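Asker: This structure is in C-alpha cells; I'll ask about it shortly.
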Amino acid sequence: MKVASTKVNFDVESIRKDFPILSREVNGKPLVYFDNAATSQTPQQVIDAIVDYYSRYNANIHRGVHTLSQEATDAYEQARIKVQKHFNADKSHEIILTSGTTHAINLVASGFSSLLKENEEIIVSALEHHSNIVPWQMLCEKTGAKLKVIPMNDNGTLNMEEYEKLLSEKTKLVFVNHVSNALGTINPVEEIIRKAHNVGAAVLLDGAQAAPHIKANVQELDVDFYVVSAHKMCGPTGVGMLYGKEEWLKKLPPYQGGGEMIATVTFENTTYADLPHKFEAGTPDICGGIAFGAALDYMNAIGFENIATYEHELLEYATEKLLEIEGLRIYGTSAEKTAVISFNIGDIHPYDIGTIIDKLGIAVRTGHHCAQPVMDYYKIPGTVRASFSFYNTKEEIDKFIEAVKRAKTMLS
Amino acid sequence: MSNIKEIQDEIVDEFEMFDDWMQRYEHMIELGKSLPLIEEKYKTEDNLIKGCQSKVWVHANLEGDRLIFTADSDAIITKGIIAILIRAYSNQHPKDIIEADTTFIDEIGLKEHLSPTRANGLVSMIKQLKMYAVAYQTQLN
C-alpha cells in the first residue's frame, strides 16, 4: 500500500515489514516507537548480517592466515569502505571504527590534551549533549585551556553573532553538534566550520543526531572531525565512527595501547601502526562493524532524500496536531530541524506524560535528554521528546496525539 | 492504630476495586493529593531522592517512638507513589519500617515501577524511607 499523501515514492508499509520489532505489542497495544533519537530500530537485513557473521565466519581479524579470519577481515574492511563512501571521506584510513560517538569524542579530546596549551580556547555550543561537554571540561582541567560557550536563542538556534565574537587566534577547537539531540535544531555547520578555519581552529561535528536524517559529506563540509553512532541509523549498539582528516589523525597520539595498534614492540620502544589501526587497539566489534555497513546499505537503498522528505512530512503533521492541544509548548522551533519535537503541556511534568502514554503503547523520551544546559535555559525540568523515523506513519502520530490528550485529561 | 501490614492490605483492597490501569493511575493521582506535604524549608538538596527523573523530597522526624514522614514531588504520578509509601510507613515504629516488606507494591499493579532501573526511583524511595528508619532506630536504642 502506497501512502497517498506523501510526496515521495515511499512505500512505508513495505518498509515497516523489514522491522520485526514494529509488530510487537506493548501493554496490550501495538507499539508506537517515537524514541528514534535515542536509538533506531533494526531492520531484518541488519539482523541477518549479524546472524550470518556468527553463523558462518566468526573469527578474529587482521592476524589469522586461515580462511575464516580472512573472510572476517575482508567483511570488516569492506564495512569501513562503506562508511567512507557514505560520508565521502577521501581515504578509508580516515575512518576509525569506535564503540560509538562518545568514544570517538573522547578519543579526540584525549589526543588534544598533548596539543593544547594553557589559555588556549575551546568553543562548544549551549546545545550540546553532555557527552560533548564533559570530555572538553576534563581536557580544559588537564591543559589549562579555557572553555567558551556559544549561547542559544529562544527558538533553539545558536547565536551566531556571539559565536563570531568568541572566535580569536586563541581558539584551537570548535565542537558543535550537527543536530541538537534535545530540540532537533540543524545547526549552520558550514558557516561554523568556515569561520573557525578563518582563525585556524579545528572543528569536530557531533553527527549522532544528524546521521539518521542527513547524509553528511565530510569533504564538502571541510570538517576536521565527524562522529556518529551506528545504533541511531538502523545499526547495532556499540559501534560508531570517527572521521578525521588524515593530517589531524597523524598528529593525534594513540588513545589506548594494546594489540592491533602497534607495528613493533620491544621493552625499550614501541612503534605504532599506521592509520586507522593506530586508534583501534584490541579486537574491535567485528560483527558490529559489518552490521554498521549493512545498515548504511539499507538506508542508502531507501535513499536519504526520500527519508528526509518523508520525515519532514511527519514532523509538520505532528507539529500541527500537537499545537492544537491547549497549553502545549514546543521547544526548538528553528526552521531548520529534523523530525524531533520536544514539548511540555502547561506545568505537567514530562515524566507523568511519558508514563501514561507508555501504558498506551507509545514510546517517547522524557527528561533532560542529557542536555541540562538547554533545559536550564528554558527553566524546565525536562521535556517530552517524540522523534520520528522513516518507518513511522501518520496513523501512529494520530494514536500518539490521542494518547497525549488522554494523559493531559488525567493529569490536569 | 493499624500496623504496616494492615495498611498495606487496605491499600491492596482499594486497588483491587479497579479493573484497568487507567483507574489505578487515577486513584494513585488522587492519593497524591492527600500526601502530607514537606515544609518548604526541608525541600533541600540533601532531602532529594537520587535516581528519579522527577524531583522527590522526603523529610522524617521522630515523634515519641514513631517516625513521621512528609514529602513532595514535582510529578503527579511520583507524588502518588510516595503518598502510598508514606501512608504505609509513616507514624510507625522505626523497627517495623525496617522490617516491613514491599510486595504490596507488586499486588497493586505497580510492579513495573519496582524495577531498580526505572527512572521513577520507587526503589530509591523505599530505600530512603528505610534509611531514615535505621538512623532513628539507633537514636531510640
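The values are calculated or read from the model by the stated rules, or taken from the named source; none is laboratory data. The shown structure was predicted, so the numbers you read here are calculated from the model rather than taken from an experiment. All Cβ positions, even for glycine, are placed from backbone atoms using ideal geometry, and neighbour counts span all protein chains on display.
Asker: With respect to the numbered conditions (1) in the same structural domain as A:ARG385 (by TED's automatic domain parsing); (2) over 17 Å from A:PHE388 (Cβ atoms); (3) of a type outside the set (Ser, Thr, Tyr), which one is the sole condition not fulfilled by A:GLN84?
Answerer: Unmet for A:GLN84, out of (1) in the same structural domain as A:ARG385 (by TED's automatic domain parsing); (2) over 17 Å from A:PHE388 (Cβ atoms); (3) of a type outside the set (Ser, Thr, Tyr): (1).
Asker: So which residues in the range A:358-383 are out of contact with any helix residue (DSSP H, G or I) (no Cβ under 7 Å at 6 or more places or on another chain), in a helix (DSSP H, G or I) and within 11 Å of another protein chain (Cβ to nearest Cβ), if there are any at all?
Answerer: Scanning the range A:358-383 gives a single hit, A:ASP358.
Asker: Scanning for something more than 14 Å from chain A (Cβ to nearest Cβ) and of a type in the set (D, E, K, R), does the range B:21-34 turn up at least one residue?
Answerer: no
Asker: Something else now. So A:GLN78 ticks every box in (1) surrounded by 15 or more Cβ atoms within 10 Å (Cβ to Cβ); (2) touching a residue at least 60 places away in the same chain (Cβ under 8 Å) but one. Which box is left unticked?
Answerer: (1)
Asker: Listed residues A:SER92, A:SER99, A:SER114; which is modelled with pLDDT of 95 or more and within 19 Å of A:GLN256 (Cα to Cα)?
Answerer: A:SER99
Asker: Sticking with this one: On the basis of being more than 14 Å from chain A (Cβ to nearest Cβ), in contact with a strand residue (DSSP E or B) (Cβ under 7 Å, 6 or more places away or on another chain) and not aromatic (Phe, Trp, Tyr), does B:LEU85 make the cut?
Answerer: Criteria not met by B:LEU85.
Asker: Report, by residue number, each residue of the range A:279-300 that is surrounded by fewer than 19 Cβ atoms within 10 Å (Cβ to Cβ) and at pLDDT 95 or above.
Answerer: Once the filter is applied, which keeps residues that are surrounded by fewer than 19 Cβ atoms within 10 Å (Cβ to Cβ) and at pLDDT 95 or above, the range A:279-300 yields A:ASP297, A:ASN300.
Asker: In the range B:128-141, how many residues are surrounded by fewer than 16 Cβ atoms within 10 Å (Cβ to Cβ) and in a helix (DSSP H, G or I)?
Answerer: So the answer is 6.
Asker: Specify the residue that is surrounded by the fewest Cβ atoms within 10 Å (Cβ to Cβ); the eligible residues are those in the range A:308-348 that are of a type in the set (A, V, I, L, M, F, W, C), in a loop (DSSP other than H, G, I, E, B) and more than 14 Å from chain B (Cβ to nearest Cβ).
Answerer: A:ALA335
Asker: With the range A:126-238 as the region, which strands (runs of 3 or more DSSP E) entirely inside it contain at least 1 residues that are surrounded by fewer than 19 Cβ atoms within 10 Å (Cβ to Cβ)?
Answerer: Here the list reads A:146-150.
Asker: Consider only pairs whose beta carbons are under 9 Å apart and that are at least six residues apart or on different chains; among these, list those whose first residue lies in the range A:43-58 and is surrounded by fewer than 16 Cβ atoms within 10 Å (Cβ to Cβ) and whose second residue is of a type in the set (Lys, Arg).
Answerer: Between residues of the range A:43-58 that are surrounded by fewer than 16 Cβ atoms within 10 Å (Cβ to Cβ) and residues that are of a type in the set (Lys, Arg), the close pairs are A:GLN44/A:LYS17.
Asker: Given the criteria among the small types (Gly, Ala, Ser), within 14 Å of another protein chain (Cβ to nearest Cβ) and touching a His at 6+ places or on another chain (Cβ under 6 Å), does B:SER54 qualify?
Answerer: The answer is yes for B:SER54.
Asker: If I go through the range B:57-82 residue by residue, how many of them are in a loop (DSSP other than H, G, I, E, B) and within 14 Å of chain A (Cβ to nearest Cβ)?
Answerer: Summing the residues that are in a loop (DSSP other than H, G, I, E, B) and within 14 Å of chain A (Cβ to nearest Cβ) in the range B:57-82 gives 2.
Asker: Could you tell me which residue of the range A:386-412 is modelled with the lowest pLDDT, considering only residues that are out of contact with any helix residue (DSSP H, G or I) (no Cβ under 9 Å at 6 or more places or on another chain) and within 14 Å of chain B (Cβ to nearest Cβ)?
Answerer: A:SER412
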